[in-house]
Amino acid sequence: MLHRNLEEVLGHHADALKILHRLQPMGVAMAGPETRDDYWD
């Protein structure tokens, strides 16, 4: 999975959008190692 720097991405689109609010994640939930994902594996 590719993660990008949010500030960098928003900077590239600064002329096309207006930031009204930025959400902060409260947590991350992931499946256990026994779960198979055909799109990832």
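Numbers for the structure displayed
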read-out	value
Segment 1-25 residues near the modelled Asp37 label - backbone nitrogen below 14 Å, point 7 Å along Cα→Cβ	1-3
Leading residue at positive end of dipole, the chain (Cβ point charges), from Leu17, Val28, Tyr39	Leu17
Segment 2-10 - phi-based ³J(HN,Hα) in whole Hz, Karplus 6.51/-1.76/1.60, Gly and Pro as x	9, 10, 10, 5, 4, 4, 5, 5, 4
For the chain, size of Cβ-based charge dipole, Lys and Arg +1, Asp and Glu -1, in debye	280 debye
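None of the figures in this text is laboratory data; all of them are computed from the coordinates on show. Model, not experiment: these values are computed from the prediction. Virtual Cβ from ideal backbone geometry, glycine too; neighbours counted across all protein chains shown.
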